Amino acid sequence: MRNRTTISALAWIAFLAGCADPGNRADSSEPPAPERFTKVVFDEVLYEPMELELLDDGRILFVQRRGEVNIHDPQTGLTETIAELDVFIEFEEGLLGVALDPDYADNHWVYFTYSAPDEAVIRVARFVLEDSRLDMESERVLLEIPVQRDECCHVGGSLEFGPEGNLFVSIGDNTNPFASDGFNPIDEREGRKAWDAQGSAGNTMDLRGKILRITPEDDGAYRIPEDNLFADDPTRGRPEIYVMGNRNPFRIDIDARTGYLYWGEVGPDAGDSSATRGPMGHDEVNQARQAGNFGWPHFIGNNKAYHDYDFEAEVAGEPFDPAAPVNDSPNNTGAELLPPAQPAFIWYPYEASEEFPVAGDGGRNAMAGPVYYYDDYAGSDRKFPRYYDGKLFIYDWMRNWINVVTMNEDGDYVDMERFMPTTEFSRPMDMLFGPDGALYMLEYGQTWYGHNPDARLFRIEYAVHNRGPIARISADRPVGAAPLTVTLSAADSFDPDGDPFTWSWRREGDQDDISGEEAVYSFEEPGTYPVTLTVTDSEGLTGTEIIDILVGNDIPEVRLELSGNHTFFWDGRAIEYNVVVTDLEDGEIAAEEVAFTIDYLAQGSDLTVQAQGHQAALEQASGLIGQALIERHNCGACHLRTDESIGPSFAAIAQKYPDNDASREYLTDKILNGGMGVWGDRAMAPQPQVAAEEANRMADFILGLESAAVREAELPLQGTYVTDRHDADEEEGRYFLAASYTDHGASGMPSLTGRSVVTLRHARLQAEDYDEGEEVMAFPMPEEAFGEDATGNVLIGNDGGYFVFRDIDLTGIRSLTAQIGTVAELTTGGRLDLRAGGLDGEVLGTFEVPIPNETSLQTYEVVLDEASGMTDLYFVFAADEPGRPFPVCFIDWIVAEQ
């Protein structure tokens, strides 16, 4: 039983009755079903895509950081690079943004922000684009923003037109953030100008660290909108400035109806607040209804103030005053008294946010997208539903989510929710609503500065009526030695509307298709063979999936043979084990080539949940706890296994540090608290959301790469292991037994790894942790009914309801004991049948629960006389008096007894 907030018994039963009532349905204010949204991919394997625009004829214009200007035609499915701008690409610079003129249909003007290769400036320039030709001779430079190129970072570069023909341009603070301990860089020492954002973002006479607003003229000049921040007094600041006090406003958008400006502000890296320096780092999503100062580098979040820190003396002064911030830095060439600081619209740190919990935790990179208006897209069959009318779409590049923000009529924040929560995004980079009301997006892909296979151009559309079928391929042997015969199945394909559909298979190079739900192919020679499945519904809508069949090398077979039960551990259980490895091509295998570990993690159930709850996911994580945790905490955003990214590779780290306790402690500290200076001046952000034990396991994995295996629990391949590393009350703990072998490759095919993982869990199962169920609900046990025994959640079941625990080994289990409760006049009593394998499976036993005359919480036992082996364990509720609108009983926990 887990600790939870308790509520009254009356509320408990009322809530149950509402859930059991078949008439209790979602009203029109609830979000649409996520499965009605479809991600339609136009192009992939892009090379650092940045921003996109939609042309009048439906083609999609998008730019890539290294200078490519591309147009994709959804009708032909082809992408053409129509021009390559010569740009400077160091320090995050390059071709950064693109925007179409509001009168593009008549004048064919397109605007870019790009880093000039010949001088240290970022240019805002206009070109003529007709058909698929960008006229390079037509360039008109509207604005040049001087930057320093001695140090990294933060360039911004987003472009967006707003009402009245105003062009908004975001520019980062162009300041090195890596020598300020993750706080605000305000280093005023001589020669440290590039480390002082008071000379850029806090400088009213500097265009860096700003969002500019100008009105382009036909001749290539521009006008200043009269309500810009310093439009009425250019002696106080540059008149182009609309918003100042920005760190890295990487993505901006403008509400076309209200004119409000939205942007994501990528924040600093401090993992904890400091009494002498200021607040921990936060990212922000901001809303500007008028020109203003948004605080950086003096404030963050909702005007959390930094201290005026003296880097020479290493002494902190007073915190800055948001009502009257003063910039007295010698690097400031503008006003000393700055406009009052404006608080952020949304703000969140590395750890979970109390104010905005939907934002999650982990690395941060906030971006702002469009506000959706349903009535702008009349007649479209792809447009988003009215539920999203007037709501703001925001996204996070690091956390890979899209959230939808609800606002009131004045634009004030009301609530935030996840959009398409079950869809995986891969570094969302830009988004806009097209004229059809669908959401067009770019994904950057997982690797910094990479030519990523998951860098995509796509559209998310909503299906009001018919939805296309979804193709899914499974293969009995997708990899193997030649000759290889493979049976492919489309049995997992489906139509979300339940419509009939047909199947068609084609192997690359074949002239004819194979029809039917299954296809059998034979491959005589080694190689990689793509096979495409196309499913088509009765209205002609299609879905496709491609599978690559790899012929020439068999996957090694790795078996973990254990004595006794394969699901549970008990105190001091002695496990006899044997690791057996065979490989068709490699023959005899030396023991030192096999990686084998046994490890224990006190919060192992969390790892299992994050890894989708089954051993296959752990196997995908190489059967190693550290690597699974690295994937869970998204470390791959900055580090790759063997190649350099924005940070060093894990392999390079393993080569640098010996595999010993001192290195493990050092790396654990770096993971938790961050650092810089070891691999250049780029900082590693702290990860306060990572538990110390998890960081230690991650360090284990990294240090073990040099010897190709984690050695924390190195054991012989045959022996006995005793489960004695857990505490008696650690019900969430798990023992992980993992063996793997990587072969040497064969017939030109790469090396393959075979793995076997066994996960042992505590013998006490909390009922609310079930894998699947119907007509059941987890609920806090009412304190009024059970007093001090009401310490957590229980599982309540109606007549005919059930819950199931998957893959439970009954070998060696003498009995199952359960704590079951009833409430007089509110539960019916009856029985809880224990079945093997399914709702109609063999009855292993029954918990008889009498009709309650009083509130009761008792322990029941079912003896398992002849049960053994792996099965799905079903618990089925049955009332003695069927038809009464009350639960049968509730169940707290089940214990497997030896």
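Quick look at the values:
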| read-out | value |
| --- | --- |
| Count of segment 194-206 residues which are surrounded by fewer than 24 Cβ atoms within 10 Å (Cβ to Cβ) and under 36 Å from the mean Cα position of the chain (by Cα) | 2 |
| All strands (runs of 3 or more DSSP E) inside segment 494-583 with 1 or more residues being of a type in the set (Asp, Glu) and more than 30 Å from residue 727 (Cβ to Cβ) | 518-523, 527-537, 542-551, 557-562 |
| Cβ-Cβ under 7 Å pairs, at least 6 apart or on other chains, segment 811-826 side over 15 Å from residue 867 (Cβ atoms), far side open to solvent by 10 Å² or more (accessible area, probe 1.4 Å) and among the small types (Gly, Ala, Ser) | 821/856; 822/856; 823/785 |
| Scan of segment 409-420 for residues that are in contact (Cβ under 8 Å) with a residue 24 or more places away in the chain and in a loop (DSSP other than H, G, I, E, B), ordered by number | 411, 419, 420 |
| Condition met for residue 235 (without any contact (Cβ under 8 Å) to a residue 60 or more places away in the chain, outside the structural domain of residue 372 (by the TED database), closer than 21 Å to residue 686 by Cα and among the β-branched types (Val, Ile, Thr)) | no |
| Count of segment 538-556 residues which are more than 30 Å from residue 499 (Cα to Cα) and free of Cβ contacts under 8 Å to residues at least 60 places away in the same chain | 0 |
| Of the criteria (1) out of contact with any strand residue (DSSP E or B) (no Cβ under 7 Å at 6 or more places or on another chain); (2) farther than 22 Å from residue 244 by Cα; (3) without any contact (Cβ under 8 Å) to a residue 24 or more places away in the chain, which one residue 318 fails | (1) |
| Selection from segment 798-829 of residues that are within 39 Å of the chain's Cα centre (by Cα), among the small types (Gly, Ala, Ser) and surrounded by fewer than 19 Cβ atoms within 10 Å (Cβ to Cβ) | 800 |
| Pair list, Cβ < 8 Å and 6+ apart or interchain, from segment 688-700 residues that are closer than 19 Å to residue 659 by Cβ to residues that are among the small types (Gly, Ala, Ser) and outside any helix (DSSP H, G or I) | 693/602 |
| Some residue of segment 604-611 being at pLDDT 50 or above, closer than 29 Å to residue 444 by Cα and crowded, with 20+ Cβ neighbours inside 10 Å | no |
| Sole residue being in the same structural domain as residue 35 (by the TED database), of a type in the set (S, T, N, Q) and in a loop (DSSP other than H, G, I, E, B), chosen from 406, 423 | 423 |
| Residue under evaluation residue 798, criteria (1) in contact with a Pro (Cβ under 9 Å, 6 or more places away or on another chain); (2) at pLDDT 90 or above; (3) outside the structural domain of residue 881 (by the TED database), criterion not met | (3) |
| Index of the failed condition, residue 187 passing every other in (1) open to solvent by less than 40 Å² (accessible area, probe 1.4 Å); (2) out of contact with any Asp or Glu (no Cβ under 7 Å at 6 or more places or on another chain) | (2) |
| Output for segment 357-396, where each listed residue is in contact (Cβ under 8 Å) with a residue 24 or more places away in the chain, open to solvent by 10 Å² or more (accessible area, probe 1.4 Å) and part of a loop (DSSP other than H, G, I, E, B) | 360, 361, 363, 364, 365, 373, 380, 381, 382, 383, 385 |
| Residue that is nearest to the chain's Cα centre (by Cα), among those in segment 667-682 that are open to solvent by 30 Å² or more (accessible area, probe 1.4 Å) and at pLDDT below 75 | 682 |
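Here's the yes/no breakdown for (1) of a type in the set (Val, Ile, Thr); (2) touching a helix residue (DSSP H, G or I) at 6+ places or on another chain (Cβ under 9 Å); (3) within 22 Å of residue 426 (Cβ to Cβ); (4) modelled with pLDDT under 95:
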site	(1), (2), (3), (4)
55	no, yes, no, no
60	yes, no, yes, no
67	no, no, no, no
77	no, no, yes, yes
86	no, no, no, no
118	no, no, no, yes
122	yes, no, no, no
132	no, no, no, yes
143	no, no, no, no
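The values are calculated or read from the model by the stated rules, or taken from the named source; none is laboratory data. Not measured: the values here are computed from a predicted model. Glycine gets a Cβ as well: all are built from the backbone with ideal geometry, and neighbour counts include every protein chain shown. Note: accessible area is taken over every heavy atom of the protein model, side chains too, but ligands, DNA and RNA are not part of it. Shrake-Rupley method; radii C 1.70, N 1.55, O 1.52, S 1.80 Å.
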